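The structure under discussion appears below in the form of structure tokens.
The values are calculated or read from the model by the stated rules, or taken from the named source; none is laboratory data. Since we're looking at a predicted model, the values are computed, not measured. FYI the Cβ positions are ideal-geometry reconstructions off the backbone, even for glycines, and counts take in every protein chain you see.
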Amino acid sequence: MLSGGIPYGPTFRHYLSKLLYKLLCATFRITMAANEFQESSYAIEGRHSSNEKAQMSDTHSKRGGWITFSFITGTLIGLTLAAGGWGTNFVVYLIEKFHFKSIVATQIGNIVNGSTSLFPVLAAIIADSMLGCYSVIWISSSLSFLGIQLLALTAALKSLRPQTCVNGPSLCPMPTKIQFAVLYMGIVLASIGQGGTRFTIAAMGANQFDNAKDQAIFFNWYVVILYASAVLGSTVIVYIEDSFSWALGFGICVVVTLIGLAIFLLGNRYYRHIKPQGSPFTSLARVIVAATRKRKIPISSKSGDYYSEQLGKVEKVVAVPTESFRFLNRAALKTEGDTNSDSSIAKPWRLCSVQQVEDLKSLIRICPILSSGIFLSTPIGVLTSLTVLQALTVDRHLGPHFKIPAGTVVVFTLASTAISLTLIDRILYPIWQKLSHQSPTPLQRIALGHVFNALGMIVAALVESKRLKITKTHHLTDETNSTIPMSVLWLVPQMAVVGIGEAFHYPGQVTLYYQEFPTSLRSTSTAMCAMIIGIAYYLSNAVIGLTQRATGWLPDNINNGRLDNVYWMLLVVGVINFGYYLICARFYRYRNVGKENENYISDR
């Protein structure tokens with residue numbers, strides 16, 4: 001128990017998850033309530049004269065392009081530096097300054113990582129349906145700024161954190177209610193802020209370009225800059241926290257967040273602002289309802305029986321729905337009273353366009369691929385969390401004067417990904433294209449990511465076996481604070497191999513979802529990667545919890561456990577998931593990527 005009576009351990013995690021869930025629900029209700037206002041605003045906006053619309057269109061066309069690249073990437077650098085600075089070392093901060101047990105701190109770290117990965121989905125929905133990317137980014141950045149300020153205060157003011165341990169870890173004072181509340185609020189605000197910007201920036205950046213080549217180049221640079229900034233934040237800032245002062249390190253995070261926000265606001269005049277189209281999920285729900293209400297009507301093969309009027313700006317109007325998921329085709333069947341005299345839809349919950357039907361079908365088709373991504377990221381989440389605990393037990397000195405912070409070991413994954421991305425884009429893909437006369441598809445990139453992920457688990461299991469052998473040789477199995485005579489560099493290969501895998505599957509997933517999702521869900525599509533990672537982190541917690549309860553592999557003192565068996569178990573899960581992915585990929589049919597790849601090849 002905490003000294004103020006607040007439960008420690010599982011109850012703390014329950015409170016944290018509960019508050020994050022309530023914030024998600026509250027924001028969702030606000031979004032839904034604002035939809036009607038947003039739609040009425042668009043109706044008023046639609047009353048502009050044709051001259052006004054032409055002028056607005058001309059202004060829109062002059063915005064965007066590569067002039068916005070420096071503003072968007074500058075913002076990304078500032079926010080990612082801060083996220084790497086406080087997020088990478090957060091588990092160590094909980095252990096050292098708030099006296100959490102190692103496994104509990106790891107699980108809380110997974111909750112934070114999962115939340116920062118799930119919030120982008122909500123942010124993307126709000127961006128698509130109500131506020132737009134620009135507003136979501138600056139609001140989220142402001143929340144992040146406030147949250148990191150609170151974390152900095154817990155590090156700077158002794159009254160906001162527990163007193164230091166006096167006679168070893170068994171007699172460490174626990175946080176009070178006030179200390180707990182400030183830490184709690186800082187975590188929540190910083191998590192919401194980081195999550196709200198992480199992938200919305202990617203969608204806004206892609207919106208500045210019109211062709212597939214520029215979008216592909218932007219996404220590659222986005223991932224490179226994202227990981228390079230995370231590497232810098234996870235090394236320089238974390239080193240400052242570990243070697244000099246936590247308050248100074250968190251203070252730097254506050255400053256770079258403010259700089260990133262300022263850069264973003266300065267670029268406003270150059271951005272292409274895509275007007276939100278209302279909740280895209282409403283139209284998808286209408287398809288299901290309309291198809292259900294017309295379930296007894298025979299399906300027709302005549303194009304004239306379907307409503308194929310153009311709804312919004314699309315490249316072409318689909319006249320007849322495809323044969324897959326034929327039950328949904330009934331939603332576009334015209335019946336008496338469904339349309340007005342001007343051919344507009346009179347009953348939106350009874351009649352939908354063919355395009356809306358096809359949009360829902362595209363989401364259904366890609367769901368199996370999405371699900372395989374969850375179990376691809378779960379082993380990575382477990383590996384990342386437990387590698388920090390491994391680093392706390394080994395010799396982290398490089399030379400006589402420099403000691404690597406334990407939280408910084410994750411930087412090897414980030415560095416490996418950033419370097420691999422550059423080599424893959426500049427060397428591997430051109431060779432691939434020259435030999436096969438086509439660029440690798442997103443599904444092929446993701447498959448390669450699965451392979452390297454499995455190799456990473458093998459390396460991790462072998463390295464942990466060596467660490468445990470050295471521990472037993474030197475009789476350090478029951479020691480909690482002793483340093484094992486094994487260099488921290490032994491942990492680099494497992495992180496590097498996983499990083500190479502991310503260089504394949506992460507951009508592949510972003511590209512696949514952005515190009516295959518309906519146009520109205522473009523912001524949400526880029527956030528799908530975040531959702532997958534978020535769910536994977538929560539599953540990582542479940543894996544750790546179940547492993548603790550069912551086996552003796554994960555005690556609080558990992559020197560007395562069998563962490564290598566955990567990695568072998570994750571390898572088995574990864575191999576099974578890879579087989580499932582191959583089946584899903586074999587039967588998946590691209591909606592847009594084939595055409596986009598042809599354009600991309602001709603441009604190169």
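Observations
The rows are residues; the columns are (1) charged (D, E, K, R); (2) modelled with pLDDT of 90 or more; (3) crowded, with 21+ Cβ neighbours inside 10 Å.
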{"residue": "VAL411", "(1), (2), (3)": "no, no, yes"}
{"residue": "TYR429", "(1), (2), (3)": "no, no, no"}
{"residue": "HIS437", "(1), (2), (3)": "no, no, no"}
{"residue": "ALA447", "(1), (2), (3)": "no, yes, no"}
{"residue": "ASN453", "(1), (2), (3)": "no, yes, yes"}
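- SER525 being under 13 Å from ALA202 (Cα atoms), surrounded by 22 or more Cβ atoms within 10 Å (Cβ to Cβ) and polar (S, T, N, Q): yes
- You will find that of ALA406, ALA391, ALA461, the residue that is touching a Phe, Trp or Tyr at 6+ places or on another chain (Cβ under 9 Å), touching a residue at least 24 places away in the same chain (Cβ under 8 Å) and in the same structural domain as PRO493 (by TED's automatic domain parsing) is ALA461 and no other.
- Entirely in the range 138-256, the helices (runs of 4 or more DSSP H) that have 2 or more residues that are closer than 29 Å to VAL104 by Cβ and not assigned by TED's automatic domain parsing to the domain that holds ALA406: 177-198, 212-232, 238-243
- Taken over the range 132-146, the residue count meeting the criterion of being closer than 15 Å to VAL254 by Cβ and buried (at least 24 other Cβ atoms within 10 Å of the Cβ) is 2.
- Search result, residues across the range 242-257 that are farther than 15 Å from GLY186 by Cβ and touching a residue at least 40 places away in the same chain (Cβ under 8 Å): ASP242, SER243, SER245, ILE252, VAL256
- Hits in the range 337-350 (condition: assigned to a loop (DSSP other than H, G, I, E, B) and hydrophobic (A, V, I, L, M, F, W, C)): ALA346, TRP349
- Listed by first and then second residue, the pairs with beta-carbon distance under 6 Å, at least 6 apart or on different chains, first residue in the range 76-94 and within 20 Å of TYR134 (Cα to Cα), second of a type in the set (Gly, Ala, Ser) and modelled with pLDDT of 90 or more, are GLY78/GLY260; LEU79/GLY260.
The rows are residues; the columns are (1) over 22 Å from the mean Cα position of the chain (by Cα); (2) not in a loop (DSSP other than H, G, I, E, B).
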position	(1), (2)
CYS352	yes, no
GLN356	yes, yes
SER362	no, yes
CYS367	no, yes
GLY373	no, yes
PRO379	no, yes
GLN390	yes, yes
ILE427	yes, yes
SER439	yes, no
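- Just one of the numbered conditions (1) without any contact (Cβ under 8 Å) to a residue 24 or more places away in the chain; (2) in a helix (DSSP H, G or I) is not true of GLN494: (1).
- Residues in the range 329-353 that are without any contact (Cβ under 8 Å) to a residue 24 or more places away in the chain, on the phi < 0 side of the Ramachandran plot and not charged (D, E, K, R): ASN340, SER341, ALA346.
- Residue within the range 294-304 that is modelled with pLDDT under 85, in a helix (DSSP H, G or I) and farther than 29 Å from MET528 by Cβ present: yes
- From the list ASN577, ASN559, ASN541, the one residue that fits, being outside the structural domain of ASP128 (by TED's automatic domain parsing) and more than 20 Å from GLY456 (Cα to Cα), is ASN559.
- Looking at PHE244, PHE281, just one residue is surrounded by fewer than 19 Cβ atoms within 10 Å (Cβ to Cβ) and within 22 Å of the chain's Cα centre (by Cα), and that residue is PHE281.
- Condition met for THR477 (surrounded by fewer than 18 Cβ atoms within 10 Å (Cβ to Cβ), under 23 Å from the mean Cα position of the chain (by Cα), touching a residue at least 12 places away in the same chain (Cβ under 8 Å) and over 27 Å from PHE578 (Cα atoms)): no
- Evaluation of LEU554 against the conditions (1) among the hydrophobic types (A, V, I, L, M, F, W, C); (2) assigned to a helix (DSSP H, G or I); (3) under 24 Å from ALA406 (Cβ atoms) shows that the sole unmet condition is (2).
- Some residue of the range 315-336 being at pLDDT below 90, assigned to a helix (DSSP H, G or I) and charged (D, E, K, R): yes
- Among residues of the range 535-558 that are at pLDDT 85 or above, those with a Cβ under 6 angstrom from a residue that is small (Gly, Ala, Ser) and part of a loop (DSSP other than H, G, I, E, B), sequence gap 6+ or separate chain, pair up as TRP553/GLY561; LEU554/GLY561; PRO555/GLY561.
- Test: ASP564 is surrounded by fewer than 20 Cβ atoms within 10 Å (Cβ to Cβ) and not in a loop (DSSP other than H, G, I, E, B): yes
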